[in-house]
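What follows is one structure encoded as structure tokens, with my remarks underneath.
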Amino acid sequence: MKRKLAVVFDFDDFSNKEYRLFINAIRGTLRNLGRHFSVVKILVTNPPTTADLEIQESEILLEYDTERQGLR
């Protein structure tokens, strides 16, 4: 039975350029992890506010959990 994997990235100090470089660099790794895990989830906290997140059609962008933000 395959396990689930969740990873959290905090981009608090990343510029737009650094953010894009990092996301593009890990896409292949995430696809490969999908072979070993039934679910691979990524939570991005503090993305650059002005950045085009360059989310591809096959990727889903979820906003940070509102409960953890204290909004509920």
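The values are calculated or read from the model by the stated rules, or taken from the named source; none is laboratory data. On a predicted model such as this, the values are computed, not experimentally measured, just so you know. Cβ placement follows ideal geometry from the backbone for every residue including glycine, while neighbour counts extend to all protein chains displayed.
Candidates in the range 15-48 are the residues that are in a helix (DSSP H, G or I) and of a type in the set (S, T, N, Q); of these, the one that is surrounded by the most Cβ atoms within 10 Å (Cβ to Cβ) is Asn16. Using beta carbons and a limit of 6 Å, which pairs, at least six apart or on different chains, have the first residue in the range 1-20 and modelled with pLDDT under 85 and the second one in a strand (DSSP E or B)? The qualifying pairs are Lys2/Phe37; Lys2/Ser38. Within the range 49-68, not a single residue is in a loop (DSSP other than H, G, I, E, B), loosely packed, with under 10 Cβ neighbours inside 10 Å and at pLDDT 85 or above.
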